[in-house]
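Down below is the structure, laid out as structure tokens.
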Amino acid sequence: MTIEDIEASKAPLMDHLIELRSRLIKALLAFGIAFIFCFFFAKQIYNVLVWPFVWIAGPENSKFIYTALLEYFLTQLKLAMFGAAFISFPIVAGQIYMFVAPGLYKHERGAFLPYLVATPIFFVLGSLLVYFIVLPMLVRFSLGMQQAGGAETAQIQLLPKVGEYLSLMMSLIFAFGIAFQLPVILTLLGRIGIITSKQLREKRRYFIVVAFVIAAVLTPPDVLSQASLAIPLLGLYEGSIIAVAMVEKRAAAAKTAAGTPPSASPPPPEANPAE
């Protein structure tokens, strides 16, 4: 390689770096705007997050506390960061896709885009499961362990801390959102030929154990949270088998169509030597 070739290769590299910087600035700007918005409405957002507790316990029995001077302020900062990451994810993912897409073929872009769209959708589905089903179950279970005071017994009452409740909510949403990416990941692996639906069916009994191990790692150390994640994982695994089988069927049909020879035109009439 000559010096001229090295100098010529600098221009595309600088163009890519400039493009990368532009995409990063836009992604950070989206995150910053979402952070300011979420911090400005942090109290209202927190009231929305505690709705499952209020729904189960009742407004008259819903009391949250904080025991440090800056605990509630730091909780609002943490809430703003979590909300900003949640809100700005579509923009950040779009910037990543627009940076990568020019280097992909047209069919590769078409194959990658559905998974990019499905990722936040399944994350939101996992979050909704936490908000409407899992957390109310945890609240009902925890409230059932309270103890009324008596002549010889102390009163034991649940008084959640604002920071601990938000940490529990964030950890559950993160765990369920990540776990709900299972169909996306398995379908993508099936599309590129790493796994097949037959292999997934054969490994079903092993995944039952894996599902409970994943639930034990990602959720708080209580049986209710772990079962709430492991059971949906098993359903998502079964759905992934169906999705991979559909991908395989579509790929086989496309391969058959590509291998079919076009209809041949009739051969020209042979010339008569006597003419």
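Count the lysine pairs in the chain that are 8 or more places apart or on different chains: how many have C-alpha atoms under 18 angstrom apart? Number of lysine pairs found: 7.
Working note: Cα gyration tensor of segment 127-192, eigenvalues times five, square-rooted, sorted largest first, giving semi-axes of 39, 11, 8 Å. Measuring how big the chain is from its alpha-carbon positions, Rg and Dmax come out at 27.8, 127 Å. Separation of segment 177-197 and segment 43-57, taken as the distance between their Cα centroids, equals 34 angstrom.
When only alpha carbons of segment 59-110 are considered, Rg and Dmax amount to 20.3, 60 Å. Against the main long axis of the alpha-carbon atoms of the chain, helix 106-129 sits at an angle near 20°.
Annotation: amide H-H contacts under 5 Å for K161 (H modelled 1.01 Å from N, sequence separation of 5 or more, or interchain): I65. Sparse packing (at most 15 other Cβ atoms within 10 Å of the Cβ) combined with a DSSP loop state is found for the following trypsin sites (Lys or Arg not before Pro) in segment 203-256: K203. For a quick check of understanding: with a 1.4 angstrom probe and all protein chains in place, what accessible area in square angstrom does H107 have, to the nearest ten? The value for H107 is about 130 Å². Per-residue SASA remark: Y105, around 150 Å² accessible (1.4 Å probe; ligands, DNA and RNA not included). For the chain, find the longest principal axis of its Cα atoms and tell me its angle to the long axis of helix 223-259, 0 to 90°, nearest 10. Approximately 10 degrees, to the nearest 10. Computed from phi, the 3J(HN,Hα) profile of segment 151-164 under the Karplus parametrisation 6.51, -1.76, 1.60 (θ = phi - 60°) reads 5, 10, 10, 8, 7, 10, 10, 7, 10, x, 8, 4, x, 5 Hz, with x in place of Gly and Pro. Among the protein heavy atoms, those of Y206 account for about 120 Å² of accessible surface (1.4 Å probe, every chain in place).
For segment 53-113, the set of trypsin sites (Lys or Arg not before Pro) satisfying both a DSSP loop assignment and a count of at most 12 other C-beta atoms within 10 Å is given as K63. What separates the Cα centres of segment 144-158 and segment 86-129 is a distance of 50 Å.
The values are calculated or read from the model by the stated rules, or taken from the named source; none is laboratory data. Note that this is a predicted model, so its numbers are computed, not measured. Because the Cβ atoms are built from the backbone with ideal geometry, glycine has one as well, and the counts that use them run over all protein chains shown. In case anyone asks, the SASA skips ligands and DNA or RNA and just uses the protein heavy atoms, side chains included. Shrake-Rupley method; radii C 1.70, N 1.55, O 1.52, S 1.80 Å.
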